[in-house]
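Down below is the structure, laid out as structure tokens.
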Amino acid sequence: MGATLTAGDLRKGLKLEIDGEPYLIVDFEFSKPGKGQALYRCRLRNMITGIQFDRTYRSGDKFLAADLDEQEMEFLYKEGNRYHFMNTTSYEQVELTEEAVGDAKNFLTENLHVDMLFFKGSPIGISLPNFVELKVVKSDPGIKGDTASGATKPATLETGYEIQVPLFIEEGDVLKLDTRTGTYVERVKASH
């Protein structure tokens with residue numbers, strides 16, 4: 001059971017339970033009109049569905065802190081549209097749907113350690129490390145003479161994710177990617 005909070009506790013990044021679901025305050029504004037009661041304007045995002053909406057609260061309003069728990073998990077394998085993970089401490093296995101994994105599926109490789117978020121004991125999503133290394137499985141050679149600075153070409157990675165990479169990248173190269181932006185950072189290992 002989450003702790004009880006008041007409107008004075010509200011701030012950006014706080015996680016609340018509203019109507020039995022976890023919400024994150026993504027934006028927050030406090031205002032105190034003249035003689036009136038203080039107002040707390042919040043932009044809330046449902047941590048399960050991703051849906052966002054605005055809501056205004058008054059100083060006497062009470063809230064429940066979301067009952068959230070984060071655990072380190074290791075990605076094991078994908079089966080159909082289900083992703084299987086193992087708790088690195090208890091070895092208990094948990095599976096998530098493709099919807100719950102979201103865009104993280106573009107970066108998941110066997111044995112990758114992630115942080116899994118649980119709401120009331122049920123898994124609701126994962127956080128990736130900021131950087132991962134993935135191998136290029138398909139990339140056309142750069143066009144000869146196309147040496148324009150910053151020129152890029154598409155490359156398909158081992159997870160099936162397609163990104164834009166510099167022309168010198170070849171199939172078999174291992175790339176470092178930023179999981180927050182989904183973009184190429186550098187070549188870690190050349191294919192030969």
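The values are calculated or read from the model by the stated rules, or taken from the named source; none is laboratory data. Not measured: the values here are computed from a predicted model. Cβ: placed from backbone, ideal geometry, glycine included. Neighbour counts: every protein chain shown. Surface accessibility is based on the protein's heavy atoms, side chains included, excluding ligands, DNA and RNA. Shrake-Rupley method; radii C 1.70, N 1.55, O 1.52, S 1.80 Å.
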Per DSSP, the loop-located GluC sites (Glu not before Pro) within segment 16-89 having at most 13 other beta carbons within 10 Å are none
Based on the Cβ-Cβ distance from T6 to E29, what FRET efficiency comes out when R0 is 25 Å, to the nearest 0.05?
-> 0.90
Could you count how many Lys pairs in the chain have their Cα atoms under 23 Å apart, skipping same-chain pairs fewer than 8 positions apart?
-> 28
Å² of accessible area per residue within segment 43-155, as computed with a 1.4 Å probe and no ligands counted | 59
The chain: Rg to Rh, with Rh as the Kirkwood radius over Cα pairs = 1.12
Mind listing which trypsin sites (Lys or Arg not before Pro) in segment 91-192 are in a DSSP loop and have 11 or fewer other Cβ atoms within 10 Å?
-> K144, R180
